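Here is the structure we will look at.
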């Protein structure tokens, strides 16, 4: 939704959606909004605990079944599995998403990788549409006056206008925009610790093809999974920036992510947002 600075400050039940690449400060801002007044909604947490819960557990069981000792226990119903997903511990979701490449190096076949990508995208759409329901729960069940929607970095890949129209009706959308220095820091982190990522189909197909040609490989199963993630991450940032900006131009407002570093309190967060309006 669009609003003036005065309208935001006078808004009795504030509903905010934060979006931007992982590492730009969304979680930092969220941590400064007291849980006594704000319900914090994490799309990634909802994805892992609701929409990908069964596929995540199936993946864990599939890996365990490869060990004879665990296989016997599983088949005899002697053990069970659960994923310990929290707002700050989402590794089961990332592990399920996986990386494309050589199976001997922990990679997934391209077909399996794309299947999981599609499941994740469908889950992210549903988790985003659930925001309206949780806004009501925030007040009726939990007695929280305000609501914060902390989105995953891949939300900009959701090209569904209906989803964005609905999210805009429900919340004030704020894009935390990284400058070049912050982007370099994000790239350095990705180089040091390459994590599973979401890519849309066209981006994935184009960059897999380019990587195979660059490395002189003939098949995606020959790809080193970590090497591919390190190589593709700068291109992913460049790909997502105009997507974020297009969404923001239509639905929301931009915050300089660098300013998040100086924010120390809830009052500072409100001032940062109102200045953006």
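The values are calculated or read from the model by the stated rules, or taken from the named source; none is laboratory data. Everything quoted here is computed from the prediction, not taken from an experiment. Methodologically, a virtual Cβ is constructed for each residue, glycine included, from the backbone with ideal geometry; neighbour enumeration extends over all protein chains shown.
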Only one of (1) in contact with a helix residue (DSSP H, G or I) (Cβ under 8 Å, 6 or more places away or on another chain); (2) farther than 30 Å from residue 141 by Cα; (3) modelled with pLDDT of 90 or more does not apply to residue 104, and that is (1)
Quick check on region 220-232. Is at least one of its residues closer than 30 Å to residue 167 by Cβ, touching a helix residue (DSSP H, G or I) at 6+ places or on another chain (Cβ under 9 Å) and at pLDDT 95 or above? yes
Return only the number of the condition from (1) over 18 Å from the mean Cα position of the chain (by Cα); (2) within 21 Å of residue 186 (Cα to Cα); (3) at pLDDT 95 or above that residue 261 does not satisfy. (3)
Could you name every one of the helices (runs of 4 or more DSSP H) located completely within region 1-92 that has at least 2 residues being crowded, with 20+ Cβ neighbours inside 10 Å? 26-31, 43-46
Would you check which residues across region 134-143 are touching a strand residue (DSSP E or B) at 6+ places or on another chain (Cβ under 7 Å) and either assigned to a helix (DSSP H, G or I) or surrounded by 20 or more Cβ atoms within 10 Å (Cβ to Cβ) (or both) and list them? 134, 135, 138
Select from region 117-133 the residues that are under 18 Å from the mean Cα position of the chain (by Cα) and closer than 23 Å to residue 35 by Cα and write down the one among them that is surrounded by the most Cβ atoms within 10 Å (Cβ to Cβ). 127
Can you list the helices (runs of 4 or more DSSP H) found entirely within region 164-260 that contain at least 2 residues being touching a residue at least 24 places away in the same chain (Cβ under 8 Å), out of contact with any strand residue (DSSP E or B) (no Cβ under 9 Å at 6 or more places or on another chain) and surrounded by 20 or more Cβ atoms within 10 Å (Cβ to Cβ)? 180-192, 225-251
